[in-house]
Amino acid sequence: MLNRVITISREFGSGGRELGMRLSEKLEIPFYDKELISLTAQETNLSETEFLSYYESIPVTEQSLEPTIYTSFSPLYEVPISDQVFLAQSRVIKSLAEQGPCIIVGRCADRVLEDSINLFVCAGIEYRIERITSLNKDLDLEIIENKIRETDRKRKDYYQYYTGCEWGKAQNYHLCLDSGLAGIEACYQAVLSYLAYCN
């Protein structure tokens, strides 16, 4: 029986969330993705709207620092809100892990936790555009591509800023999967096979 947390890092549109949900259902363990937003908002005493304005963002440089970037919702008075949000989110992630096996998508959980099984899901840009288009038929292809590239850039910058590691680099994960080559079903089966040998 699985006794560790599974973390899933993913390129935007690659199907990492879908993979996580399927694994959660199969393994009968909790799944956390957007749920972490409300949990961390509660931890910081910020409204979800306020929280989202700092979520997955990194502090501005000292030269452009604005007084409004500081708050006193925690004892770390002179720490940018985005840093405080990350620390609060990390506490929530550790607390969830202490409760037992679960699946956590994104949020640098693979670096926050010390004994998790870490997956990375990627895919070519064409596959991701096609996948998102199939889910949102009214969106313009150029808008979709720009959204993919911008989201990936933000995730990469955020991950590197808070972990010092390179997002998407194979050595940082236990298993990397290309959903564009074989689809989500094949990734799902590959992960189940891999987990069978993880103790």
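Computed quantities for the displayed model
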item: Selection status of ALA97, modelled with pLDDT of 95 or more and in a helix (DSSP H, G or I); result: no
item: Near pairs, Cβ below 7 angstrom, 6+ apart or cross-chain, from the range 6-17 (touching a residue at least 24 places away in the same chain (Cβ under 8 Å)) to any residue that is among the hydroxyl-bearing types (Ser, Thr, Tyr) and buried (at least 24 other Cβ atoms within 10 Å of the Cβ); result: SER14/SER179; GLY15/SER179
item: Residues located in the range 134-145, provided they are more than 25 Å from ALA190 (Cβ to Cβ) and not in a loop (DSSP other than H, G, I, E, B); result: LEU141, GLU142, ILE143, ILE144, GLU145
item: Top-ranked residue of the range 19-35 - restricted to ones that are out of contact with any helix residue (DSSP H, G or I) (no Cβ under 7 Å at 6 or more places or on another chain) and modelled with pLDDT under 90, ranked as surrounded by the fewest Cβ atoms within 10 Å (Cβ to Cβ); result: LYS34
item: Extreme residue, nearest to the chain's Cα centre (by Cα), among residues of the range 99-131 that are among the β-branched types (Val, Ile, Thr) and over 18 Å from GLU185 (Cβ atoms); result: VAL105
item: Scope the range 161-171; condition closer than 14 Å to GLY106 by Cβ and not in a loop (DSSP other than H, G, I, E, B); matching residues; result: TYR162, THR163
item: All positions within the range 77-127 that are surrounded by fewer than 19 Cβ atoms within 10 Å (Cβ to Cβ) and at positive phi; result: GLY100
item: Selection count, the range 1-43, where residues are under 11 Å from the mean Cα position of the chain (by Cα), outside any helix (DSSP H, G or I) and basic (Lys, Arg); result: 2
item: Given (1) modelled with pLDDT of 75 or more; (2) under 29 Å from LEU139 (Cβ atoms); (3) not in a loop (DSSP other than H, G, I, E, B), number of the condition VAL92 does not satisfy; result: (2)
item: Selected residue (criterion: surrounded by the fewest Cβ atoms within 10 Å (Cβ to Cβ)) from residues of the range 163-180 that are free of Cβ contacts under 8 Å to residues at least 12 places away in the same chain and of a type outside the set (S, T, N, Q); result: GLY164
item: Some residue of the range 36-57 being of a type in the set (D, E, K, R), at pLDDT 60 or above, closer than 26 Å to GLU114 by Cβ and touching a strand residue (DSSP E or B) at 6+ places or on another chain (Cβ under 6 Å); result: no
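The values are calculated or read from the model by the stated rules, or taken from the named source; none is laboratory data. Note that this is a predicted model, so its numbers are computed, not measured. Methodologically, a virtual Cβ is constructed for each residue, glycine included, from the backbone with ideal geometry; neighbour enumeration extends over all protein chains shown.
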